[in-house]
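Below is one structure, written out as structure tokens; the observations come after it.
Only the coordinates and a few stated rules stand behind these numbers; no lab work does. This one's a predicted model, so the numbers in the text were calculated from it and none came from an experiment. Positions of Cβ are backbone-derived with ideal geometry, glycine not excepted, and every protein chain shown enters the neighbour counts.
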Amino acid sequence: MGRNAIVTGGSRGIGRAIAEALKASGCTVAATYAGNDAAAAKFKDETGINVYKWDASDYEACAAGVAEIEASQGPTDILVNNAGITRDSFFHKMTPAQWSEVMHADLDSVFNMSHQVFPGMRNRGFGRIINISSINGQKGQMGQTNYSAAKAGMIGFTRALAQEGARKGVTVNAIAPGYIATEMVAALDEKVLQSIVSQIPVGRLGTPEEIANCVAFLADDKAGFLTGSVITANGGQYIAA
């Protein structure tokens, strides 16, 4: 593919699989992370992908970080907004901090990062912005009003920005993964995990690589007619109209 890519939250889980898939397709990839230095160092050693540490909920940190990456690998052609957190709680017990932390990390980060690269993409006549939303941003999930709202907001952002970028060769799409076999999901109680799998028609969790394959397709030069779309990669657990 020969493009320059940035993947936020790119050193672990789904983000790692995305970064590796884009590298395998011929991209030069930079992966950002927020806090786990050991995991990031291991990722860099194992993949050869450069890592950069900053908080994607901080606009100025994003501006400085993207500038550093672009000084090293050139203008950004592909941005994957994957970084995010959860702070689960039933709404009547949810604190303002739990709400705002998720909004900042999961939704503000999408604005912060996209705002750095979108103008350049427009000027060059090519760009791919791919936002990693969630099945719970489509259907909602009890105990996750903050996360569901942020991920739903990401879908609205995708559909609006897609209209602004279309005539300039910039596509904006989202992927809404269902339950994926990551460290976080694997740590769930076995009975809870069995209950989740029983609700998935294909009868299993998804893999990070399956989400990464969706990203690689959307990032490809040949995917230029697909924009403003949401790929529901959830094994049939929720089928959106």
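Odds and ends about this structure:
- Its Cα centre serving as origin, region 104-225 has a Cβ charge dipole (Lys and Arg +1, Asp and Glu -1) of approximately 540 debye.
- Cα-based radius of gyration of region 197-241 once divided by 2.2 N^0.38 Å, which approximates compact folds: 1.33
- Restraint check, 44/93; 151/222; 42/93; 93/151; 42/139; 151/191, Cα-Cα greater than 32 Å: 44/93; 42/93; 42/139
- Alpha-carbon Rg/Rh ratio, for the chain, with Rh computed the Kirkwood way: 0.95
- Dipole magnitude of region 155-241 about its Cα centre (Cβ charges: Lys, Arg +1; Asp, Glu -1), debye to nearest 20: 360 debye
- Under 12 Å, Cβ to Cβ, from residue 170 - net charge with Lys/Arg +1 and Asp/Glu -1: +3
- Calculated on alpha-carbon atoms, Rg and Dmax of region 166-223 in Å: 15.4, 49
- Applying the criteria of a DSSP loop state and at most 11 other Cβ atoms within 10 Å to the chymotrypsin sites (Phe, Trp or Tyr not before Pro) of region 145-232 yields 225.
- Relative contact order (%) - criterion: Cα under 8 Å, at least six apart; region: the chain: 20 percent
- Most fluctuating residue given options 21, 63, 219, as computed from a GNM of the chain linking Cα atoms under 10 Å: 63
- For the chain, built as a Gaussian network whose Cα springs stay under 10 Å, the top-fluctuating residue of 154, 142, 121: 142
- Among 123, 213, 81: highest mean-square fluctuation, GNM of the chain, C-alpha pairs under 10 Å: 123
- Helical mean residue ellipticity (222 nm; -39500 (n - 2.57) per DSSP H run of 4+; nearest 500) of the chain: -14000 deg cm²/dmol
- Furthest towards positive pole of dipole, 119, 147, 79, structure part region 64-216, Cβ charges: 119
- Relative contact order, percent, region 1-40 [alpha-carbon distance under 8 Å, six or more residues apart]: 48 percent
- By other beta-carbon atoms within 10 Å, ranking 72, 114, 133, 198 with the fewest at the front produces 198, 72, 114, 133.
- Taking a ≥ b ≥ c as the square roots of the eigenvalues of the Cα gyration tensor, an a/c ratio of 1.5 or more together with a/b larger than b/c marks region 108-226 as prolate.
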